[in-house]
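No lab work stands behind these numbers, since they all come straight from the coordinates. Just so it is clear, the model here is predicted, and its values are computed rather than measured. Note: ideal-geometry Cβ built from the backbone for every residue, glycine included; neighbour counts use all protein chains shown.
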Amino acid sequence: MNRDLMYAAEVKALVRDAYRDVPATTEVVARKLYGADELAQVPQAAIDRALGVANHLSFADIEPGDTVLDIGCGGGIDSVLAARRTGPDGRVIALDFLPEMLDRTRAAVESAGLANVEPLEGEMEAIPLPDDSVDLVISNGVINLSARKARVLAECARVLRPHARLCVSDLTVEQDDLPSEILTQPAAWAGCIAGALAESDFVHRLAKAGFVDIDVVYREPLGIDDCALYPLFSSDVIELMRRLIPADRHGRVAVAIVVCARLP
C-alpha cells in the first residue's frame, strides 16, 4: 500500500486521532519559527501548541481591515498574530475540523483579549464560507494533511475575492525521496511528510486552481532531528527514518516552503 491508495476518509481519521490529543511542544517549535517580538504577542498556551513548519506570516503582508482565513488554526498562534495585524477593523476566521483545536484557539484568543477572531468548524475541502468573502488565506503545515489537495486549493480560490492573496507554508518532498515503509506510517501522514507534494507539483496545482504570480519565497530543509521536535512523529517513526534513509540525507528529508500567490 502507498500513499496514493490511502482513502480520504482514512487520512482524515488518522489526522483526527493524531491531533485531538497532541501534547504540548514546550515551546520548542514556536521558538524555532517565530521571533521573540511575535511570541510576546501570543498567550503561552498557543506557543506550547505551535505545530507549524515555517513563519509564513513574515511574507503575508496582512493589512489593517483585512478578512483573513486561517486554514487549520490548531492551537491558535497564527490566528492570534494575524488578528493583531488586521486590527479591530479586520477579522480572522479560524477554521478547523476538530472541535478540540477550535477550543484551544478560542481560549488563546480570549487570553489575548482579542474580539476579531471567529472560530469556525469545517473542512478545508468544503470551506463553509461564501464565494468572494476573504482577502487573504493563510495556512501553516496543514494542506498536506488533506488527501484532496486540489479540492482544498480550489476552495481557497472560491472564497477569495478577485485579486486577493494566498500565503501558505507546508512541507515538500521530491518523488521517491522517502521509502515506502515510511510513507505508509500514520505518524508520517500526521507530520505532513507522507502527504507532501513535490514543490513543482504544489505550484502546478495552485496554477490549475486559478492562482497567478505564484512565488516560493522561502525554503528551509527539514531533517530527521527537526522532525523529532514535533510530537506528531513517534519515536518508532523517527528510528525508522534514521535506519532507512541514507545518512547523507538525514539533514534534508523534506523542505519547508512558503508560497505566495494571488487571484487575477
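Go through 159-170, 48-59 and give me the packing order, highest mean Cβ count within 10 Å leading. Can you show the working numbers first?
Numbers: 159-170: 21.2, 48-59: 22.8.
Top to bottom by mean Cβ count within 10 Å: 48-59, 159-170.
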>> 5 Å is the cut-off here: which amide hydrogens, built 1.01 Å from N in the peptide plane, fall below it relative to I93, excluding neighbours closer than 5 in sequence?
In response: V68, L69, D70, E118
> What is the extension gain from H204 to D132, computed as 0.36 nm multiplied by their sequence separation minus the C-alpha to C-alpha distance, in nm to one decimal?
Replying inline: 23.7 nm
> Amide H of V53: which non-local residues (sequence gap of 5 or more, or other chain) have their own amide H closer than 5 Å, using H built in the peptide plane?
Replying inline: G141
> Taking only the alpha-carbon atoms of the stretch 216-264, what semi-axes of the equivalent ellipsoid follow from 5 times the gyration tensor eigenvalues under a square root, in whole Å, largest first?
Replying inline: 27, 13, 8
> So how far apart, in nm, are the two label points at R31 and L244 if each is 7 Å from Cα heading toward Cβ?
Replying inline: 3.3
> Gain in length, E100 to R252, computed as 0.36 nm per residue apart minus the alpha-carbon separation, to one decimal in nm?
Replying inline: 51.5 nm
> By how many nm would the segment from D215 to Q41 grow when fully extended, if each residue of separation counts as 0.36 nm and the alpha-carbon distance is taken off?
Replying inline: 59.8 nm
> What's the local net charge at R91, with K and R +1, D and E -1, over the other residues with C-beta under 9 Å away?
Replying inline: -3
